[in-house]
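Worksheet for the structure shown next.
The values are calculated or read from the model by the stated rules, or taken from the named source; none is laboratory data. Just so we're clear, the structure is a prediction, and the values are computed from it rather than from any experiment. Neighbour counts run over all protein chains shown; Cβ positions are idealised from the backbone, glycine included. Remember, those area values only see protein heavy atoms, side chains included, never the ligands or the DNA or RNA. Shrake-Rupley method; radii C 1.70, N 1.55, O 1.52, S 1.80 Å.
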2 protein chains.
Amino acid sequence: MSTTRHAPVEGFPLVDGELSVGGIPLRRLAARVGQTPFYAVDRSLLRSRVDALRKVLPREISLHYAMKANPMPALVGFMAGLVDGLDVASGGELGVALDAGMAPRNISFAGPGKQDRELEQAVAAGILVNVESERELPVLAAASQRLGQPARIALRVNPGFELKASGMKMGGGPKQFGIDAERVPQVLAEVGRLGLAFEGFHIFSGSQNLRQESICDAQSKALALAIELATHAPTPLRSLNLGGGFGIPYFPGEVRLDTAPIGAHLQSLSEAAKTSLPGAELVLELGRYLVGEAGVYVCRVVDRKVSRGEVFLVTDGGLHHHLSASGNFGQVIRKNYPVTIVNRAGSDRTETASVVGPLCTPLDLLADRMVLPAAEPGDLVVVFQSGAYGASASPARFLSHPAVAEVLV
Amino acid sequence: MSTTRHAPVEGFPLVDGELSVGGIPLRRLAARVGQTPFYAVDRSLLRSRVDALRKVLPREISLHYAMKANPMPALVGFMAGLVDGLDVASGGELGVALDAGMAPRNISFAGPGKQDRELEQAVAAGILVNVESERELPVLAAASQRLGQPARIALRVNPGFELKASGMKMGGGPKQFGIDAERVPQVLAEVGRLGLAFEGFHIFSGSQNLRQESICDAQSKALALAIELATHAPTPLRSLNLGGGFGIPYFPGEVRLDTAPIGAHLQSLSEAAKTSLPGAELVLELGRYLVGEAGVYVCRVVDRKVSRGEVFLVTDGGLHHHLSASGNFGQVIRKNYPVTIVNRAGSDRTETASVVGPLCTPLDLLADRMVLPAAEPGDLVVVFQSGAYGASASPARFLSHPAVAEVLV
């Protein structure tokens, strides 16, 4: 139970006392989908998030969508029309990115343990490979030879620093991600020897960060490191991927990121880059930040149980669809996502209740003793901040319940 | 990093220096499966586990398999020939249980939030419904009427006690599971009024317990509670499901459960039940304990990276197939499952290494700085204790990597 509040949720206004997505009241949307549970993402919110970000970013910064956050094909297709590029994390995601119509020159592929088959796919498609390991170089060179098409590569660098206050740290110290910064000069020499089409660096040190000053600090360090490493490059840098790391507020007490200072800071970095890395495109690669707040998860109350004085709303949804909201995906301490009752969101008749799913495990908990509008079977529960790491990050087959639906509204 | 040791793994002998499953060296099995990663479960180990348990249990105790632990159809089919009944947790699992050939009279269905549709399936199939909530009663009565077949029911009771030292607590205090013990007399009266075919109680208070004395204690309390509640029943008890809760050792320092004292204790409970609950069948319902130690997860080393002095074995498998081994399924503190290198298990050339997967997240960790045989790309990594809560409990679609294969050997 928490007394601190969630950051206010925006973009899902009440229509006749009922929450709506894209102007459609959620009970009507549920009927349109034909089932609960479902995920709904609002395309107008995707667009306004990108627009708002573009306003604070220097015009010359490229914005990429990291589709690992939500690989739903319709959503990737929509995002492809809004952003400058897509980042994929597997051969499977590459297929969706290409189907979405993104030009291969604006697709990049990062991830440790890429299979030979996946590297060959990347070369054949003509996309940029963010090389995570020296092992990938000869494989890419061989694929280039076979296909008669030079592999386009950037080196993912494991910097000596990490992104402070990140939800997840991916740089600094020994890591499976990227090539240790101190090894990069030797690896660049090898890149030259193998005749690979070198394009730049990918320096990314964490994710889900809500402190703008930490993000600015990491970006400054990344640029400085890139400038230093570029002196060893076989050809001038054409791109520098600064990663992302922009977080969204999930839990009580968390505050929305202020992007204005990040934009101002990137303006100064961009000026510096014009001198130090002339011709290099600066890329921001964002996943969760672009889509996370535009989506909701909706499930239906099947039962309202009172056990020894506590209220349990038992729903048809749960951790098999939304592992993150259940607190079972990397969280050390379980905390509540913002949750309410769709058709009673305006009601002041509230009670403390827990929202649980149909699985035979106490882990299946979507809200732990939250103050919610008093609900009845048939009511719809909504979990906000659910546009990223939802369906695709959840154990859909657990206990063989029906699959969740996904819609873009 | 832990200095305490894992409980010794049994049943996967070395053949020419290489681990085997069901007599087949794992590299040959990988070739037979046609891909890595895969899960392999050894049917002879399933059989010997059931046989060993039968030896210590009183003959009159019925043994059920809770298929939520591993719903692979071939495995459920094999188990159906070994045990006295199957427990299902959803309409989806019910279909697999019936396909497996288990007689409906020996199938039971537990789980909070059962859908009306699922309750109707259960009545139509003639299986036993473990009622978790008063809400289910009128739904079952209506289905009985429609189908002309009385619903067979047991009441799942939320006892006033909990299973001490359980991995997961599912009874005691306010819970979404079962009907609070103190409400049961009223609910039994309602069962009689509705003319449902009452058969007994299901009293289950936790899982993954490695202390035999806690399990015995919970079984004693369950029997005592059942005897007390039976005085309110419309008809004599025909069955009492004591649940399971038997754990297996996953982590360093954990010790295998000693079932002999549990068997002896059940002998005395069974004697007592003959007097107090004449005609009632006592049922043990086990999932993980029956299948968990019979299965392994196998993946291939794609890359061996050294980052700042630490060794990372990057594999084609990871948390998308085996969420539990990655420590992201309910564990508060991540610990290592027993892991080794298939084709070097006998080697004394060891090193400290971490085994990671191909996903772009530091959560994707199958072994954290373990002492392992020194491995190279192409080698196979095996994760033991993987027969339960593996493929079906993992986010298979995360980052759109290929699906894991499953074989019964």
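Backbone amide hydrogens, once placed in the peptide plane, bring B:Thr340 within less than 5 Å of B:Val382, B:Phe384, excluding anything fewer than 5 places away on its chain. Annotation for region A:29-123: trypsin sites (Lys or Arg not before Pro) lying in DSSP loop with at most 13 further Cβ atoms inside 10 Å of their Cβ are A:Arg59. With Cα atoms defining each centre, region B:339-409 and region A:226-301 are spaced 32 Å apart in the structure. Taking every DSSP helix (H) stretch of at least 4 residues in chain B, weighting each as -39,500 (n - 2.57) and dividing the sum by the residue count yields a mean residue ellipticity at 222 nm of -8500 deg cm²/dmol.
Report the FRET efficiency, 1/(1 + (r/R0)^6), for B:Glu271 and A:Arg32, where r is their Cβ-Cβ distance and R0 is 60 Å, rounded to 0.05. Efficiency for this residue pair is about 0.50.
Geometric descriptor of chain A, per residue, is 136 Å³ (volume of the convex hull of the Cα atoms). In the frame of its principal axes, the protein assembly as shown has Cα extents of 90, 72, 40 Å, reported largest first. Mean per-residue shielding of peptide A:203-209 is 1, counting Cβ atoms of other chains within 10 Å of each Cβ.
Comparing mean-square fluctuations of A:Val41, A:Val306, A:Val76 from a GNM of chain A with C-alpha springs under 10 Å, the top value falls on A:Val306. For region B:1-143, a crude dipole built from +1 on the beta carbon of Lys and Arg and -1 on the beta carbon of Asp and Glu, taken about the Cα centre, is about 540 debye to the nearest 20. A 1.4 Å probe run over the protein assembly as shown, with the rest of the protein chains in place, finds 35 Å² accessible per residue. With R₀ fixed at 25 Å, the C-beta to C-beta distance from A:Glu134 to B:Thr350 puts the FRET efficiency at about 0.55.
Each Lys and Arg Cβ is given +1 and each Asp and Glu Cβ -1; about its Cα centre, region A:295-409 then shows a dipole of about 180 debye. At 4 °C and a viscosity of 1.567 mPa s, what translational diffusion coefficient does Stokes-Einstein give for region B:176-247, taking Rh as the Kirkwood radius over Cα pairs? Give it in µm²/s as a whole number. Translational D for this selection: 99 µm²/s.
Rounded to the nearest 20 debye, the dipole size of the protein assembly as shown about its Cα centre is 80 debye, using +1 on the Cβ of Lys and Arg and -1 on the Cβ of Asp and Glu. Among the listed pairs B:Lys175/B:Lys221; B:Lys68/B:Lys305; A:Lys55/A:Lys114; B:Lys114/B:Lys175; A:Lys68/A:Lys221; A:Lys221/A:Lys335, those with a Cα-Cα distance over 27 Å are B:Lys68/B:Lys305; A:Lys55/A:Lys114; A:Lys221/A:Lys335. Of A:Leu257, A:Leu286, A:Pro402, which is farthest along the charge dipole of chain A in the positive direction, counting Lys and Arg as +1 and Asp and Glu as -1 at C-beta? Selected residue: A:Pro402. Checking every one of the trypsin sites (Lys or Arg not before Pro) in region B:264-373 against DSSP loop status and a limit of 12 other Cβ atoms within 10 Å picks out B:Arg349. Sequence-ordered 3J(HN,Hα) estimates for region A:62-73 from the Karplus curve with 6.51, -1.76 and 1.60 and θ = phi - 60° stand at 8, 10, 10, 9, 8, 6, 4, 5, 7, x, 3, x Hz, glycine and proline given as x.
Projecting the Cα atoms of B:Ala74, B:Phe12, B:Gly245 onto the dipole axis of chain B, where Lys and Arg carry +1 and Asp and Glu carry -1 at the beta carbon, places B:Phe12 farthest toward the positive end. For region A:124-141, putting each phi into the Karplus relation 6.51 cos²θ - 1.76 cosθ + 1.60 with θ = phi - 60° gives couplings of 4, 7, x, 8, 8, 9, 7, 6, 9, 7, 4, 4, 6, 5, x, 5, 5, 5 Hz, in residue order, rounded to whole numbers and with x for Gly and Pro. Distant-in-sequence amide contacts of B:Val407, defined by a placed amide H-H separation under 5 Å and a gap of 5 or more residues or a different chain, comprise B:Tyr39, B:Ala40, B:Val41. The percentage of C-alpha pairs in region B:110-286 whose separation is greater than 20 Å is 53%.
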